[in-house]
Amino acid sequence: MANTSTQGQPVQYLPTLEHDEGVAAATKLFAVTFGTEPSGVWSAPGRVNLIGEHTDYNAGLCLPIALPHRTFIAVRPREDTTVRLVSDLGDGSVAQVELGGLKVLGVKGWAAYPAGVAWALRESGHGEVRGFDAAFVSCVPVGGGLSSSAAMTCSTALALDDLYQLGFGGDDEGRVTLIKAAMMAENDMAGASTGGLDQNASMRCTPNHALLLDCRPELDALHSVSQQSFDLDALGLELLVLDTQAKHQLNDGQYANRRSTCEQAAKTLGVANLRVVADEVAASSDQAQALMDVLGQLSDETMRRRVRHVVTEIGRVRSFVTAFAAGDVAEAGRLFNASHDSLAHDYEVTVPELDVAVDVARRSGAYGARMTGGGFGGSIIALVDKGQGRHVAQHIADEFALRGFHAPRALAAVASDSARREA
Ligand code: ADP
Ligand code: MG
């Protein structure tokens, strides 16, 4: 049903929580809830992936930046193995989890994320990690494809690392251990399948850089990332992020389904993962023909399209990095568009809200626009001239109102810092 009531209303921009505000709010929520002071405050950012979607679990490439929007956690360790958690997004009620005897998928609801991190560290040989009380305050939109879940697990992992002096948080190599714990919490405790992009972004991104992440499992920490300069200002650009607020209602099983199709395809092609295929195609003198040859070995039409997305998307990450470094904004925009179209037609993970938002952004002057994150809802990004983001966001909001979609929410993305101690 059409609902024009919000048409013409200024589009909402999501504010950030700055250091002082975040620390004060998390400390206050902790004190009000648990009646004592926290031992410290840590934070971790949400992320937005510039390009390279559904490539992480195919040992591929992706290119996230950390958002200025962060989740703050105030924590105090406990002597026992009880975890007590409160979040400003809830009704003030405390979730309680007992770490002793905890099993895979043993916690229901959002508490699975932070409790799962402590469980994962203990399961990985860090039995010194015990219970804790924690209060979360966040400005990362939840369920918007901007990784509020990784902001939560990574801030928790860094806090526990510090409090129990595990010694991993101080350098990039150590952080890879914390990333594994954060991934294990999502995969095995929250039951939310994740390929590692989100946690790597939240733990390893640096200000003014995009993180070129190579997800081949055989790579060590040093060789799995490189920091790529990402200075939008220098190119007179702005990156609009717009959360469509379309819920992940179709998400059930779809992500796992895409993953398993990719695994089956790799098996049929006799390779460890689809990255191997992507590299073979990239090395060929006739890439289009090489891709056709690969697809010709697959009998299932849907599988062929899934593989085509993964292989071409990995190629687009490389091309985007080159184009952006050369200041070729038109090409960078074209690659955004090609990525979205591939996700819509070959990978089939978009929903009408994502397609409409991308379409309106392109018609409103964006160099390129694409869905970002896993899909089935969530956010889009658009590369626009500096100062034009609000105008493009407004056009999308107006179109959403006409179509009776939820009002979207926007934010201006600048490449920010990874997880850190705040106080
Ligand atoms: P995304 O990571 O894209 O925001 P997910 O579905 O992966 O979406 O994760 C969202 C889930 O993470 C929420 O449903 C909730 O369980 C948990 N979560 C994230 N941030 C918070 C928070 N600040 N407070 C409580 N729960 C949170
Ligand atoms: Mg998530």
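Descriptive notes on the structure:
- Screening region 147-238 for helices (runs of 4 or more DSSP H) wholly inside it with 3 or more residues that are away from ligand 2 (no atom under 16 Å from the Cβ) and either touching a His at 6+ places or on another chain (Cβ under 6 Å) or charged (D, E, K, R) (or both) returns the ranges 172-184.
- In region 131-140 there is at least one residue that is part of a loop (DSSP other than H, G, I, E, B), within 20 Å of residue 88 (Cβ to Cβ) and within 11 Å of ligand 1 (Cβ to nearest atom).
- Subset of region 170-223 that is within 15 Å of ligand 1 (Cβ to nearest atom) and of a type in the set (Ser, Thr, Tyr) - its residue that is surrounded by the most Cβ atoms within 10 Å (Cβ to Cβ): 202
- Annotation: of all residues in region 37-79 being assigned to a strand (DSSP E or B) and charged (D, E, K, R), the one that is nearest to residue 309 (Cα to Cα) is 47.
- Selected residue (only one of 253, 270 is surrounded by fewer than 14 Cβ atoms within 10 Å (Cβ to Cβ), modelled with pLDDT under 95 and out of contact with any helix residue (DSSP H, G or I) (no Cβ under 7 Å at 6 or more places or on another chain)): 253
- Scan of region 10-24 for residues that are within 21 Å of the chain's Cα centre (by Cα) and surrounded by fewer than 21 Cβ atoms within 10 Å (Cβ to Cβ), ordered by number: 13, 14, 15, 16, 18
- Residues (away from ligand 1 (no atom under 16 Å from the Cβ) and in contact with a Ser or Thr (Cβ under 9 Å, 6 or more places away or on another chain)) located in region 245-292: 261, 268, 274, 275, 278, 281, 290, 291
- Taken as a whole, the condition of being modelled with pLDDT under 95 and within 23 Å of residue 158 (Cβ to Cβ) does not apply to residue 40.
- Checking each residue in region 375-402 for being surrounded by fewer than 24 Cβ atoms within 10 Å (Cβ to Cβ) and within 16 Å of ligand 1 (Cβ to nearest atom) picks out only 376.
- Of the residues making up region 316-341, those that are crowded, with 21+ Cβ neighbours inside 10 Å and not basic (Lys, Arg) are 317, 320, 321, 324, 332, 333, 335, 336, 339, 340.
- The single condition from (1) away from ligand 1 (no atom under 11 Å from the Cβ); (2) under 16 Å from residue 74 (Cα atoms) that residue 167 fails is (2).
- Residues (of a type in the set (Ser, Thr, Tyr) and farther than 24 Å from residue 15 by Cα) located in region 26-84: 33, 36, 39, 55, 57, 81, 82
The values are calculated or read from the model by the stated rules, or taken from the named source; none is laboratory data. Please read these numbers as outputs of a predicted model, since none were measured by experiment. Don't worry about glycine lacking a Cβ; one is built from the backbone with ideal geometry, like all the others, and counts go over all protein chains shown.
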